1. Rounded, prolate or oblate: which fits segment 1-40 when a ≥ b ≥ c are the square roots of the eigenvalues of the alpha-carbon gyration tensor, with rounded for a/c under 1.5 and prolate only if a/b beats b/c?
2. Could you give the distance between the Cα centres of segment 194-267 and segment 120-183, to the whole Å?
3. Taking the Cα atoms of segment 69-153, what is the range of coordinates along each of the three principal axes, in descending order and whole Å?
4. Sketch the reach of a paramagnetic label on Thr108 as a point 7 Å from Cα along Cα-to-Cβ, and name the residues of segment 131-165 whose backbone nitrogen lies under 14 Å away.
5. Just rank Arg378, Arg184, fewest to most, by other beta-carbon atoms within 10 angstrom.
6. Taking the chain as a Gaussian network, where each spring joins two C-alpha atoms under 10 Å apart, which residue of Tyr61, Tyr281, Tyr34 fluctuates the most?
7. If I model a spin label as a point 7 Å beyond the Cα along the Cα-Cβ vector, how far apart are those points for Glu41 and Asn134 in nm?
8. Taking the simple approach of a point 7 Å from Cα along Cα-to-Cβ for both Ala391 and Asn163, what is their distance in nm?
Amino acid sequence: TTVLERIDPAVAQAIANENRRQRDSIVLIASENYASKAVLEAQAQLMNNKYAEGYPGRRYYGGCENVDVVETLAIDRVKELFGAQHANVQAHSGAQANMAAYFAVLETGDTVLGMQLDMGGHLTHGAGVNFSGNLYNFVPYGVDRDTETIDYDQVEQLAREHNPKLIVAGCSSYSRILDFPRFRAIADSVGAQLMVDMAHISGLIAGGAHPSPFPHAQIVTSTTQKTLRGPRGGMILADADLARKIDFAVFPYMQGGPFMHVIAAKAVCFGEALQPDFSRYAHQVVANAQALAQELSESGVRLVAGGTDNHLMLVDLTPLDITGRQAERALESVNIVANKNAIPYDQLPPRTASGLRLGTPAITSRGMGEDDTRQVARLIVRTLANIGDEAALSAIGEEVRHLGNRFPVPGLDEE
Ligand code: PLP
């Protein structure tokens, strides 16, 4: 028995169940991934205990010589990985990275262009229920009704009309390449700065499977837990002239002590992403997404924007006459984990939704290739065709468990 099993069996049991769930499931949540054992080990250690307010070499506490090493490694590695001039690796999450970025360059009430939530943007890009929509005057842009891709002409027109101080590019459920040079040209034409939130695609960018926001964006934010396959956390990259403002916005303005154990894990994650293997991973994520999209399309499933260039796709369930919520539940019952999602111009409320978001980062980390992914697509199609048929779903669930158990779980099965 482990110490945790002895001290707190209830928590230990829930963790054991979660390990089992992650092994048995096919995880298609586009924002999830399996971090490596090295990343997990770097987090589960005594740097958890250390207060280190400030930045490497400039701390408000003694005893920071070792945490300074890991934070400096994280900063140097992530700058190399993305070709950034400045990096702050202390933001506790993606939402906090965005908050600090806004604090660094905006005053309350400033006008910002951001992608509308139900078109693929994120809560922190100006949603009414989020601090961003409350503190700033966000003007939403969206996708074209026909192509379902970003309407850059609309972005340009809104920029001219509203004269924003900042334009935010980046999405949570958009399956096509983002045109960063176009965003920058629009920003420049109205004297705005460009911020790219690459949370979803940072791993693809690191691996060369999606164009980089550099040198186009002045500020780039990201989570570290999605395609980048690191610990849960945030980071902010920026041009050198914004360095002091960004660092001040994170500490002391927004946060207190940084999570030094998480920063150690970020350093490991960035180190892994610098290896040639990671580029192979990122390209395989995209190849798998294309295999999934192709197999689904050939089965008659409609994909928003006609398919995918990245790690995710949005299924429009309207022609199948099922809702996102029904699809999510049916898939969960067969151990395929995905999430319902609004589609552009959705007729249903977000809690029901007409779409299903599917992503390949997690299954690719478990070692699945295109053939395996096509099998996953067929299991999805069969599940959606058998909603309500308990016997059929139960048989599919067994097949899914079987498939899942063929692939090792990073973080658990690694030596
Ligand atoms: N930005 C984008 C584009 C996201 O998709 C997400 C994650 O959902 C975030 C920011 C927020 O990240 P976190 O959940 O770590 O706060």
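None of the figures in this text is laboratory data; all of them are computed from the coordinates on show. As the structure is a computational prediction, the values presented were derived from the model and not from experiment. Note: ideal-geometry Cβ built from the backbone for every residue, glycine included; neighbour counts use all protein chains shown.
1. prolate
2. The two parts, judged by their Cα centres, are 19 Å apart.
3. Each principal axis gives a Cα extent; for segment 69-153 these are 49, 31, 19 Å.
4. 131-137
5. With the sparsest Cβ surroundings first, the list reads Arg378, Arg184.
6. Tyr61
7. So the label points at Glu41 and Asn134 sit 4.3 nm apart.
8. Label-label distance for Ala391 and Asn163, simple model: 7.0 nm.
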